[in-house]
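These notes are about the structure you will find just below.
Here, each number is a calculation from the coordinates, and none is a lab measurement. None of these values were measured; they are calculated from a predicted model. Backbone-built Cβ (ideal geometry, glycine too); neighbour counts: all protein chains shown.
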Amino acid sequence: MTDALAIAAAFQSLKAAFDIGKALLQLGVSAEVSARISEMNSQILAAQESAIASRDYQFTLMKHIDDLEKQIADLEAWDAEAETYELTNMRPPNHPMGSAFAYAPKKGTHTTEPSHCICANCYQGRHKSILQHETRNPGRCKVLACHRCGGALYLEGERDGGFFSSVKIERS
């Protein structure tokens with residue numbers, strides 16, 4: 001903020017010099033002195049405009065710095081949150097449909113939250129989207145659905161009516 005105070009002080013000094021020049025003009029000095037005072041006032045006005053532009057630019061830079069600091073804090077918070085999850089196969093080993101992955105809390109973390117897992121797609125995009133248990137295809141499919149990205153992890157059944165042929169991840 002020191003630069004902002006310096007700009008404000010410069011602006012005040014320029015305004016005082018302008019006011020002095022204006023007062024000299026009103027005293028009825030010679031034409032040559034009057035012309036020099038007018039020239040000085042023009043220079044003072046240009047300096048004031050420059051000081052105002054500098055102040056505005058500084059405030060723009062300060063806002064940009066604040067935005068960047070917030071982004072860094074958000075990234076650091078995400079990194080800390082992401083460390084508490086691990087990629088987990090949501091199906092039992094040797095399941096006929098193969099593997100189906102989501103991120104589940106590591107042991108000993110999230111002790112105050114209900115059991116949950118988060119979407120692997122959203123996790124890669126630095127978002128925490130909790131998968132919701134759903135039953136689809138009138139009771140034939142059990143799904144973990146992401147309401148953020150539209151992904152669906154079929155745990156039992158298959159969206160197009162087949163039976164355990166492969167892992168299906170559906171995206172809207």
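Lys106: net charge of surrounding residues, Cβ under 15 Å, Lys/Arg +1, Asp/Glu -1, itself excluded?
Numbers: positive: Lys107, Lys128; negative: Asp79, Glu81, Glu83, Glu86, Glu113.
Net local charge, Lys106 excluded: -3.
From zero up to wherever the largest Cα-Cα distance of region 2-81 sits, split into 5 Å bins and tell me the percent of pairs in each.
The percentages, shortest bin first, are 3, 14, 15, 14, 10, 9, 9, 6, 5, 4, 3, 3, 2, 1, 1, 0.
List the extent of the Cα atoms of region 84-145 along each of their three principal axes, largest first, rounded to whole Å.
33, 24, 24 Å, listed from the longest principal axis down.
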